[in-house]
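**Q** Here it is, the structure, as structure tokens.
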Amino acid sequence: MSEAAEREPSVLIRRSGGLGHVRLNRPRALNALDLTMIRLIAAALDDWEHDPDVGIVLLDGAGERGLCAGGDVRGLYDQIVGGDAAATAAFFREEYALNARIAEYPKPVVVFADGITMGGGIGLAGHAAVRVVTDRSRLAMPETRIGFTPDVGGTWLLAHAPGRLGEYLALTGASMDAADAVAAGFADHLVRAEHLADLHDALLTRADPATPTELVLLFDETPEGSALAAQRPWIDDAFAAGTVPEIIDRLRARGEDAASATADLLGTLSPTALTVTLEAVRRARALPNLRAALEQEYGLVLWFATTQPDLREGIRAQLVDKDRNPSWRPATLDELPTDAAASAFAYTPPTALWD
């Protein structure tokens, strides 16, 4: 990388005409979010909220590999190892405030979820007014793969997915293509990646039609059938079961190869993460709004970060030592205390999420 590129800010903020443009600019790190980036995005939204010349906000990512692969998980690991719970809480408070701000922003926020959009990237893209995916998009909430639980408002989106897709996506961390993301309610429109530059120009010039949704529809292509939606018969049956062991039993009883493979996958993941995540998605269905879901998630992520060994172990296995061989504690669902989920939801963070 050139010296000039090294000096570029991690978020590029531009205003052209009536378009405020925020571009995540860490392409070599798949635009993974750190606290500086969160603050830069929030500051731009603050500046533009009362600017009469800005009518639309566009959020996208530099490079062709993805909008955002997630939050700074390695930084989270360092905080956990270092016992810096205050820094962990501060990061999540500011990230969740940004997630809510995007959802509630008084001007339309358009997001190009092109390429990899996972974890913290879903927190940026999933709550926007106009959510665009492309033929290169891969969306997921893969937190259980590292002994964690979906956050950034992900449980709110998962809870409102059709049927039991929310439980399936939350527990497995499965990746969605564009058609799947639209079918599951994580995106609104499919635009081919080669047309994003033209769509950007249309948002900038705002010729008739003028609203961002109408402009996006000029480039929208109806997705081909969703493979995820086609699997709903076995997903809805198995993931309606009351507990994770019962879900696995139902998967084993099904005849589909995909159901059997899903049971095998669940058997490799953190029993604690699976159990808490299943309860989190189901409780989110009864919550009144995104802010309530974020508040629930905030307590859970701090419970994991400050009391549970599996998050530290999961990050170690996936991102630090990269041996892909985590040692979960407890190792099996049979060993998990019956009150594990209740303990997680009873946890009270030392600092409240919302002032």
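The values are calculated or read from the model by the stated rules, or taken from the named source; none is laboratory data. Owing to the predicted nature of the structure, the values given are computational and were not obtained by experimental measurement. Glycine gets a Cβ as well: all are built from the backbone with ideal geometry, and neighbour counts include every protein chain shown. Please note that ligands, DNA and RNA were not included when accessible areas were found on the heavy atoms of the full protein model with its side chains. Shrake-Rupley method; radii C 1.70, N 1.55, O 1.52, S 1.80 Å.
**Q** So, Ala210, is that one more than 17 Å from His195 (Cβ to Cβ) and at pLDDT below 95 or not?
**A** yes
**Q** Further question: Of Leu40, Leu59, Leu67, Leu76, which residue is under 23 Å from Ile146 (Cβ atoms), in contact with a strand residue (DSSP E or B) (Cβ under 7 Å, 6 or more places away or on another chain) and not in a loop (DSSP other than H, G, I, E, B)?
**A** Within the list Leu40, Leu59, Leu67, Leu76, the selection yields Leu67.
**Q** Is there any pair linking a residue in the stretch 220-234 that is surrounded by 12 or more Cβ atoms within 10 Å (Cβ to Cβ) to one that is among the β-branched types (Val, Ile, Thr), with Cβ under 6 Å and at least six apart or on different chains, and which?
**A** Taking only residues 6 or more apart or on different chains, the pairs are Pro223/Val182.
**Q** Would you point out which residue out of Ala342, Ala331 is without any contact (Cβ under 8 Å) to a residue 12 or more places away in the chain and open to solvent by 20 Å² or more (accessible area, probe 1.4 Å)?
**A** Residue meeting the stated conditions: Ala342.
**Q** Residues to consider are Thr272, Thr307, Thr332; find the one that is more than 23 Å from Tyr168 (Cα to Cα), out of contact with any Ser or Thr (no Cβ under 7 Å at 6 or more places or on another chain) and of a type in the set (Val, Ile, Thr).
**A** Unique residue meeting the criteria: Thr307.
**Q** Report yes if some residue within the stretch 228-238 is in contact with an Asp or Glu (Cβ under 7 Å, 6 or more places away or on another chain) and over 15 Å from Leu169 (Cα atoms); otherwise report no.
**A** There is no residue in the stretch 228-238 that is in contact with an Asp or Glu (Cβ under 7 Å, 6 or more places away or on another chain) and over 15 Å from Leu169 (Cα atoms).
**Q** For the stretch 176-194, name all the residues that are surrounded by fewer than 17 Cβ atoms within 10 Å (Cβ to Cβ) and either in contact with a strand residue (DSSP E or B) (Cβ under 8 Å, 6 or more places away or on another chain) or within 19 Å of His21 (Cβ to Cβ) (or both).
**A** Passing the criteria: only Ala193.
**Q** Could you list, in sequence order, all residues of the stretch 154-175 that are surrounded by fewer than 24 Cβ atoms within 10 Å (Cβ to Cβ) and in contact with a Gly (Cβ under 9 Å, 6 or more places away or on another chain)?
**A** Within the stretch 154-175, Ala159, His160, Ala161, Pro162 meet the criteria.
**Q** List the number of the failed condition for Phe186; all other conditions in (1) closer than 30 Å to Thr275 by Cβ; (2) part of a helix (DSSP H, G or I) hold.
**A** With (1) closer than 30 Å to Thr275 by Cβ; (2) part of a helix (DSSP H, G or I) applied to Phe186, the lone miss is (2).
**Q** Further, regarding this structure: State whether the residues of the stretch 279-293 include one that is surrounded by fewer than 18 Cβ atoms within 10 Å (Cβ to Cβ) and in contact with a Lys or Arg (Cβ under 7 Å, 6 or more places away or on another chain).
**A** Checking the stretch 279-293: not a single residue is surrounded by fewer than 18 Cβ atoms within 10 Å (Cβ to Cβ) and in contact with a Lys or Arg (Cβ under 7 Å, 6 or more places away or on another chain).
**Q** Any residue at all in the stretch 9-18 that is modelled with pLDDT of 95 or more, crowded, with 21+ Cβ neighbours inside 10 Å and under 23 Å from Arg136 (Cβ atoms)?
**A** Scanning the stretch 9-18, I find at least one residue that is modelled with pLDDT of 95 or more, crowded, with 21+ Cβ neighbours inside 10 Å and under 23 Å from Arg136 (Cβ atoms), so the answer is yes.
**Q** Listed residues Thr338, Thr348; which is at pLDDT below 95, assigned to a loop (DSSP other than H, G, I, E, B) and farther than 17 Å from Phe148 by Cβ?
**A** Thr338
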